[in-house]
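Presented below is the structure to which this report refers.
The values are calculated or read from the model by the stated rules, or taken from the named source; none is laboratory data. Everything numeric in this text was worked out from a predicted model, so none of it was measured. Don't worry about glycine lacking a Cβ; one is built from the backbone with ideal geometry, like all the others, and counts go over all protein chains shown. Please note that ligands, DNA and RNA were not included when accessible areas were found on the heavy atoms of the full protein model with its side chains. Shrake-Rupley method; radii C 1.70, N 1.55, O 1.52, S 1.80 Å.
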Protein chains: 4
Amino acid sequence: MPDSAILLIHCPDRKGIVAAISSFLYDRGANILHADQHQDNDLGLFFMRVEWDLADFALDDAGFRGSFQPLADGFQMEWRLAYSAARPATAIFVSQHQHCLLDLLYRHAIGELRCRIPLIVGNRASARELAGFYGIPFHFVPVDAASKAQAEQAQLALLEQHGIELIVLARYMQVLSPLFVARYRQRIINVHHSFLPAFSGARPYHAAYHRGVKLIGATSHYVTELLDDGPIIEQDVVRVSHRDQVVDLVQKGRDLERMVLSRAVRWHLEHRILHYSGKTVVFD
Amino acid sequence: MPDSAILLIHCPDRKGIVAAISSFLYDRGANILHADQHQDNDLGLFFMRVEWDLADFALDDAGFRGSFQPLADGFQMEWRLAYSAARPATAIFVSQHQHCLLDLLYRHAIGELRCRIPLIVGNRASARELAGFYGIPFHFVPVDAASKAQAEQAQLALLEQHGIELIVLARYMQVLSPLFVARYRQRIINVHHSFLPAFSGARPYHAAYHRGVKLIGATSHYVTELLDDGPIIEQDVVRVSHRDQVVDLVQKGRDLERMVLSRAVRWHLEHRILHYSGKTVVFD
Amino acid sequence: MPDSAILLIHCPDRKGIVAAISSFLYDRGANILHADQHQDNDLGLFFMRVEWDLADFALDDAGFRGSFQPLADGFQMEWRLAYSAARPATAIFVSQHQHCLLDLLYRHAIGELRCRIPLIVGNRASARELAGFYGIPFHFVPVDAASKAQAEQAQLALLEQHGIELIVLARYMQVLSPLFVARYRQRIINVHHSFLPAFSGARPYHAAYHRGVKLIGATSHYVTELLDDGPIIEQDVVRVSHRDQVVDLVQKGRDLERMVLSRAVRWHLEHRILHYSGKTVVFD
Amino acid sequence: MPDSAILLIHCPDRKGIVAAISSFLYDRGANILHADQHQDNDLGLFFMRVEWDLADFALDDAGFRGSFQPLADGFQMEWRLAYSAARPATAIFVSQHQHCLLDLLYRHAIGELRCRIPLIVGNRASARELAGFYGIPFHFVPVDAASKAQAEQAQLALLEQHGIELIVLARYMQVLSPLFVARYRQRIINVHHSFLPAFSGARPYHAAYHRGVKLIGATSHYVTELLDDGPIIEQDVVRVSHRDQVVDLVQKGRDLERMVLSRAVRWHLEHRILHYSGKTVVFD
């Protein structure tokens, strides 16, 4: 795969945006690899993701920022530029449930996830060996009601120290404080083991079992101050029947959770996700 | 397909139930075609569906009821006996949305649904032609807030007159009164256009759109006094994306709704469904 | 929905295509509603679909063709222009199996399919009533080995007389001659009742049953001279088990077939499909 | 979960089988936990799986075999008895592709798979570390055209030495000789990376890409002398589009392969699979 740049744009919809961007890029030698766009006609918003080969591109990062800003201002764009070669520092938070962690580490090891993982944080110590097998430092930060504020301080210090840009809650099973969330707004991805908004909160498999649903789900989403309420990135379901007890839902759910979480993390790292109005646009 | 009898059983779980039933049937010449059973170990309940060929079977209906009751009493069974040759009278209730109605009528016409349909009741007149094409009497019973009690009286009179045993709400879009529901307990099947328990109540596609879910669903269920709360029979989902507006969800949802409703009706008519504790056992 | 124009493009990939097209459209007042593009990097090909609101657009059809051709020539484009308001004349061919026909007619009636249907051609007479209910002329053209050439002449005469632009084989169950196919190249859509390339040819459900597959499928595709070999437009599957006999596969398959065929027809009529190298690009 | 016994039966269908078996078990104190049965009416065959709690059961293994054989003879049954507490010795064969291996080892570690895994055999050395992490001896047995017969001798010696009862080919990528297969008939499970019977043989993702299918699949099956032709245990598919290159199919396929293989292995170890006529009955 070539070295590429990815531009994500979000602005009021009006004529000429695509023409302006594509001409800007063409004039500077960009070979466009992918482009996708979306309009929210109700809200009058325009979204775009464009990726181009850097091989013949005339501008370096600073050059791009300088030249593009006037165009962006003209359209009142919010924009981000990212590079496929970058490997943002990503932290994984985990509890005693290791299936999502293992899945992420394996995918990372074979190159499916474009990131570095400089640290894993566990509120239990049990993932230490797995982290070690994949050569990633593990930090045991126990959390209980009394120590929560202190634990979050310790976590935040670790995150800062390693320049973390994305936090993945891989079945971390702890609610983060609003303060913590605010520090990493739209940079924390969680997996909830239900088809949200159904069965938000604790013990969703038990709730699903008692309601007698015929499908169970999992949901990956950005974390906001409200529990299980952030913008949904991905969801999937699997069929269950009266034969499935709670323990079977848990087992089937593990496969859902890891799929749904790893897709969200991959898409985030490939700069495919825009969010607005509590929802996401995922450019696949 | 041979003429068969279907026995549905529900009782406290204990040893010897299957032996007793299968010996009873064998001794009377039954050739068992299908048998399925289920235990709810938490509640200590046993469920069974057994279907046998009537060709060599020694007992007629009255004979079976007389001989089987002592055995049933010994195990405290609730039981029902049904015949594959029977065609229970089924009423379909419909509004202006006709996709579920059409689907049911076509399936009925080609033999997928083991019932008679002596009447269709509409709170709009628009399905009259479709009913006519399939040769089924259509009754227009307008309903508004003021006339609701009176309308239900008219509906109940029609149902009684035709000996209706199952009512299918094919996107009927009206809440039935508790009194009405009580008269046809566990004999009214509804389709709700969401993945229950998410988005119960009105306008679920709008709610799903605004929440930004990545899958939409439909649910068929028995109607109880509580809105959208009855035992779930079947659910299914389809993937949506940011590209789908509400109108697209409605379009995709139509295909879900008819699939999910027709499966529920078919299973009910094939005597595959048992319910308990607000849930269903569906023997497929 | 606004009146819109849709431009479909296919050309060798090189820099500047998007810039050229979007600038061309912007300069003529186009408000772009959707745009999607694709590169086949192996073959060095570029594909694009762009749809714009005609409200403020400066050019009529002739004007567009005149102005756009030089640009198209510069990039060696193959291109097509279509209008969302157009309703291409579509013929449906059917046998005694009417589930796909019914599905298409209902979707057409409620506005899901952007076409006129001036005629239905049956090699059996059985669909005449259904055609009549939807107000569409039905032509019974019996076909057997001896009369096939003659039957095709009669069919071609009907198609020509009605200016047919798309032929849908809704479980027509007859192989068309190469001559016929050549006359409507890439304008005949068929549904095959298997997951192609598995089980091509006759009696795919029987073959699937005997092979013991755990999923059955259906495939919609453009018809070419080679049986079941044309570019695939859409496929779907449903789970089966040892409990399903051939008759059950047929029943489950009916639901697959109509979904898979109707999606293909809708996408064709919305000008979402490009084909090359025996494959399709479907811009959703 | 209680200690249980599982009886699998396969015999000509006739009246009284269920009565005979359930009475036999009831008379010896069995508390039946699950029972499932199936008839193939075309072939006149009967299949049954029955599982019971051993707590109050009167017979030990030898006792059962002695008492049950006369009954089995009377119905010409083929039967197998297994125990939920048993952990059959299972060997995993692997190449350089480790995703299926990792999935199996993780599931084994958390108790999803009822087996021991005394050895892993690789035709590449690359899985050694992973095997070591999970504490399982790894044997590197290189295979090439010249050394194949010799390599299989070495493998067979290992298998015999460890009393292996099940061999799982976790993307092993080598065709086993008919002699090898004959030694472990119906005890070798393979995963093929296509939706069989489509794209059997080498490089199925390339073939799928060039055919332009809209879904890709994976298939787990028992290995027979004919390549990719054994009884299918499980299949699944995932949607692909023109945007997916071969590398994307490979990536999506990895998730399919591990799901489809691990389900097959779990079902085999839970004694849920019967096979006949080149097909499987999977009692779920």
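Could you go through region C:47-56 and let me know if any residue there is within 30 Å of residue A:34 (Cα to Cα), in a loop (DSSP other than H, G, I, E, B) and over 26 Å from the mean Cα position of the chain (by Cα).
Residues of region C:47-56 that are within 30 Å of residue A:34 (Cα to Cα), as a first pass: C:47-56.
Within this subset, residues satisfying the condition of being in a loop (DSSP other than H, G, I, E, B) are C:54-56.
Now drop any that are not over 26 Å from the mean Cα position of the chain (by Cα), which leaves C:55-56.
Within region C:47-56, one or more residues are within 30 Å of residue A:34 (Cα to Cα), in a loop (DSSP other than H, G, I, E, B) and over 26 Å from the mean Cα position of the chain (by Cα).
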message: Checking the structure you have, find out if any residue of region C:116-128 is within 14 Å of chain B (Cβ to nearest Cβ), within 29 Å of residue B:128 (Cβ to Cβ) and open to solvent by 30 Å² or more (accessible area, probe 1.4 Å).
response: yes
field: Hits in region A:234-270 - residues which are polar (S, T, N, Q), out of contact with any Phe, Trp or Tyr (no Cβ under 8 Å at 6 or more places or on another chain) and within 11 Å of chain B (Cβ to nearest Cβ)
entry: A:241
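Could you grab me the full set of residues in region D:86-112 that are assigned to a loop (DSSP other than H, G, I, E, B) and touching a Ser or Thr at 6+ places or on another chain (Cβ under 8 Å)?
Here is the first cut: in region D:86-112, the residues assigned to a loop (DSSP other than H, G, I, E, B) are D:86-88, D:95-98, D:110-112.
Result: D:96, D:98, D:112.
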field: Only one of B:39, B:96 that is within 14 Å of another protein chain (Cβ to nearest Cβ) and either open to solvent by less than 50 Å² (accessible area, probe 1.4 Å) or among the hydrophobic types (A, V, I, L, M, F, W, C) (or both)
entry: B:39
task: Look through region C:220-243, keep the residues that are under 26 Å from residue D:233 (Cβ atoms) and part of a strand (DSSP E or B), and return whichever of them is farthest from the chain's Cα centre (by Cα).
output: C:239
query: Only one of these conditions is not met by residue A:78: (1) more than 16 Å from residue A:20 (Cβ to Cβ); (2) among the acidic types (Asp, Glu); (3) open to solvent by 50 Å² or more (accessible area, probe 1.4 Å); (4) in contact with a strand residue (DSSP E or B) (Cβ under 7 Å, 6 or more places away or on another chain). Which number is it?
result: (1)
- line: Among residues of region A:234-284 being of a type in the set (Asp, Glu) and surrounded by fewer than 22 Cβ atoms within 10 Å (Cβ to Cβ), the residue nearest to residue B:195 (Cα to Cα) is A:236
- request: Return a yes/no flag: does region D:244-253 have any residue that is over 28 Å from residue C:201 (Cα atoms), in contact (Cβ under 8 Å) with a residue 24 or more places away in the chain and not in a loop (DSSP other than H, G, I, E, B).
  value: yes
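Between A:13, A:73, A:53, A:27, which is charged (D, E, K, R), open to solvent by 20 Å² or more (accessible area, probe 1.4 Å) and away from chain C (no Cβ under 14 Å)? Walk me through how you get there before you give the answer.
On the way: A:13 fails: away from chain C (no Cβ under 14 Å); A:53 fails: away from chain C (no Cβ under 14 Å); A:27 fails: away from chain C (no Cβ under 14 Å).
The match here is A:73.
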query: Do you know which of the residues in region A:162-197 that are loosely packed, with under 15 Cβ neighbours inside 10 Å and without any contact (Cβ under 8 Å) to a residue 40 or more places away in the chain is farthest from residue A:229 (Cα to Cα)?
result: A:179
- prompt: Which residues, counting only those in region A:198-215, are crowded, with 20+ Cβ neighbours inside 10 Å, within 10 Å of chain B (Cβ to nearest Cβ) and within 23 Å of the chain's Cα centre (by Cα)?
  reply: A:198, A:199
- request: All but one of (1) in contact with a Cys (Cβ under 8 Å, 6 or more places away or on another chain); (2) in a strand (DSSP E or B) hold for residue A:217, so report the exception by its number.
  value: (1)
field: Set D:149, D:182: member being of a type in the set (Gly, Ala, Ser), more than 14 Å from every other protein chain (Cβ to nearest Cβ) and more than 25 Å from residue D:80 (Cβ to Cβ)
entry: D:149
- prompt: Looking at region A:271-283, is at least one residue more than 10 Å from every other protein chain (Cβ to nearest Cβ), assigned to a helix (DSSP H, G or I) and closer than 23 Å to residue A:105 by Cα?
  reply: no
- request: Report yes if residue A:159 is part of a helix (DSSP H, G or I), open to solvent by less than 60 Å² (accessible area, probe 1.4 Å) and not small (Gly, Ala, Ser), otherwise no.
  value: yes
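Can you say whether residue B:89 is touching a residue at least 12 places away in the same chain (Cβ under 8 Å), in contact with a Cys (Cβ under 9 Å, 6 or more places away or on another chain) and open to solvent by less than 50 Å² (accessible area, probe 1.4 Å), as far as the supplied structure shows?
Details: touching a residue at least 12 places away in the same chain (Cβ under 8 Å): yes; in contact with a Cys (Cβ under 9 Å, 6 or more places away or on another chain): yes; open to solvent by less than 50 Å² (accessible area, probe 1.4 Å): yes.
Against the criterion (touching a residue at least 12 places away in the same chain (Cβ under 8 Å), in contact with a Cys (Cβ under 9 Å, 6 or more places away or on another chain) and open to solvent by less than 50 Å² (accessible area, probe 1.4 Å)), residue B:89 qualifies.
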query: What is the number of the single condition among (1) in contact with a strand residue (DSSP E or B) (Cβ under 6 Å, 6 or more places away or on another chain); (2) open to solvent by 40 Å² or more (accessible area, probe 1.4 Å); (3) not basic (Lys, Arg) that residue C:154 does not meet?
result: (1)
